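*Asks:* Structure provided below as structure tokens; questions to follow.
Any read-out appearing in this document is the output of simple, stated calculations on the displayed coordinates, not a laboratory observation. Being a predicted model, the structure only gives us computed values, none of them experimental. Heads up, the Cβs are rebuilt from the backbone with ideal geometry, glycines too, and the neighbour counts pull from every protein chain shown.
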Amino acid sequence: MSRRNIAVGIFIIAGLTLFGLGIFLVGNRHEAFSHHVLLYTKFADLDGITKGSKVQVAGMDAGQVTKIDVPQTPNGQFRVQMKVDDQLRGLVRTDSVVTVDTEGVVGDAFVTIHPGSPNVGVAQADSVLQSKAPITLSDLLNHGLGVMNDADTTMKQLGGKLNVALDGVNGAVGNANDLLVGLKEGRGTAGMFLRDDKMAAQIRETMTNVQSTTSNLNQASVRVNGIVADVQRRQLPQKLDETMSKIDSVTSQADATIGQVRQSLAQALGPDANGVTAAQNINETLSNINAATGNMAEDTEALKHNFFFKGFFNQRGYYTLASLSPQEYRRSKLFSSARSPRAWLEATSLFQHDPRDTEELSPEGKRSIDTVVASLGDVIFKYPIVIEGYSDAPEPADAIHLSYARAQLVRNYLDARYPFVAKNLGVMPLSATAPPGTEHDHWSGVCILVAKKM
């Protein structure tokens with residue numbers, strides 16, 4: 001009987017231990033034990049952003065949208081609450097701009113927080129960041145219509161100026177002809193001058209010059225007439241009028257279609273027999289779908305870290321370079337394994353400062369990277385490559401910002417020069433402390449790691 005009690009006690013203790021370990025792992029995956037900061041922004045149009053949408057900072061997954069406050073008036077704005085990993089907070093400054101981007105042309109929408117200027121302060125918790133509205137297709141169409149209207153007005157003004165110029169040329173030619181006729185008939189003071197041989201010779205010379213001038217005027221008139229005839233032959237004003245008529249017709253049809261769609265939507269979105277509108281039903285349904293999808297994703301992520309399923313997901317390639325945080329990266333045996341080749345490059349020989357006092361790769365640094373690639377051989381193209389960035393800046397926010405920038409410079413150079421698969425090149429900002437078990441404990445520069453599977 002005592003042995004049976006001992007076995008039951010051992011079974012209960014083991015079950016409670018596994019249960020507590022599972023709760024800890026699930027909570028850790030849900031980032032319940034990690035630090036976050038809440039930031040806000042406002043949009044006049046969400047453009048597909050919902051609760052649970054992904055939030056990126058400088059291209060790295062940093063959190064998700066946790067709450068959306070709906071405005072009470074049509075001219076109000078949606079207030080979006082974002083949960084951002086505290087490790088990436090150093091990249092978010094007070095002048096950072098928030099935009100809405102999509103994965104591809106028709107992919108899911110997500111929120112992007114662009115890094116701010118290094119000479120301004122870090123955005124504090126509960127700060128409201130400025131946003132930038134996306135450019136829509138309707139804005140481009142309205143701009144094109146305005147350009148067509150300006151072109152039509154310009155052509156009409158050009159036609160009026162050409163008519164005025166032709167009238168002036170014809171008047172000048174007529175006055176010259178009247179003057180010549182009067183001189184030949186001897187009328188006026190000029191006619192008397194013609195009786196004097198000396199004056200006649202001078203006047204003949206003057207008339208020769210006048211005739212030459214008249215010939216030039218006639219040639220100019222012919223050229224102007226040719227320009228007018230070419231404009232009329234091409235029927236440019238008529239074509240512009242036809243184009244504007246077609247645009248007006250299309251606009252009228254679009255307005256009629258929009259009116260019909262609005263009427264249909266008003267009928268479809270009206271209240272049902274219980275007094276509940278279709279919009280309220282749709283919002284409730286979408287909320288339930290989002291909640292169910294979030295729960296499924298969270299359950300799947302929890303399974304990845306579960307004691308019984310962790311090995312299965314590791315064999316499938318559980319680690320994704322874009323989703324690993326610096327804390328997970330330091331704890332992973334895959335990236336601290338002695339089997340993984342590493343190449344350490346110092347910042348003094350790898351970078352130089354441009355006229356704006358910003359770091360860039362130096363010629364010596366590029367040669368050092370080429371030497372590392374040549375020494376590793378074909379193995380560097382078979383496994384994922386992680387570029388670890390290190391900086392010993394005194395401020396933690398500046399250190400993580402500079403280490404990320406250094407790793408990104410090396411990644412861009414490798415991606416542009418060598419035939420790497422883009423998804424196999426990852427960056428990891430580690431400030432100044434390397435993962436445990438590596439060759440260096442403190443570093444300033446970059447380390448290129450070939451992540452072999454264990």
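*Asks:* Using a 7 Å offset from the Cα along the Cα-to-Cβ direction at both Arg331 and Val147, what is the distance between the two label points in nm, to one decimal?
*Replies:* The modelled label-to-label distance comes out at 5.5 nm.
*Asks:* Using DSSP to call loops (not H, G, I, E or B), can you name the trypsin sites (Lys or Arg not before Pro) in region 337-431 whose Cβ has at most 15 other Cβ atoms within 10 angstrom?
*Replies:* On the way: sites: Arg339, Arg342, Arg356, Lys366, Arg367, Lys382, Arg406, Arg411, Arg417, Lys423; in loops: Arg339, Arg356, Lys382.
Sparse-neighbourhood loop trypsin sites (Lys or Arg not before Pro): Arg339, Arg356, Lys382.
*Asks:* Further question on the same structure: Quick one: net charge of Phe110's neighbours, Cβ under 14 Å, K/R +1, D/E -1?
*Replies:* Result for the neighbourhood of Phe110: -2.
*Asks:* Considering amide H positions built from the backbone, and no H for Pro or chain starts, which residues 5 or more places from Ala58, or on another chain, come under 5 Å of its amide H?
*Replies:* Under 5 Å from the amide H of Ala58: Ile113.
*Asks:* If you don't mind, there's one more thing I want to ask. What percent of all Cα-Cα pairs in region 366-434 falls into each 10 Å bin, going from 0 up to the bin containing the maximum distance?
*Replies:* The calculated distribution, bin by bin, is 21, 47, 26, 6.
*Asks:* Same structure, new question: At what distance in angstrom do the alpha carbon centres of region 111-132 and region 319-384 lie from each other?
*Replies:* Value for the Cα centre distance between the two parts: 28 Å.
*Asks:* So who's got an amide H within less than 5 Å of the one on Ser131, skipping anything under 5 residues away but keeping other chains? H placed 1.01 Å off N, in plane.
*Replies:* The list, which skips near neighbours in sequence, is Lys42, Val98.
*Asks:* Moving on. Per q in 0.17, 0.21 Å⁻¹, report the Debye log10 I(q)/I(0) for region 332-454, using one uniform scatterer on each alpha carbon and no solvent.
*Replies:* -0.83, -1.27
*Asks:* So, counting K/R as plus one and D/E as minus one, what does the shell of residues with Cβ under 13 Å around Lys54 add up to?
*Replies:* Net local charge, Lys54 excluded: -3.
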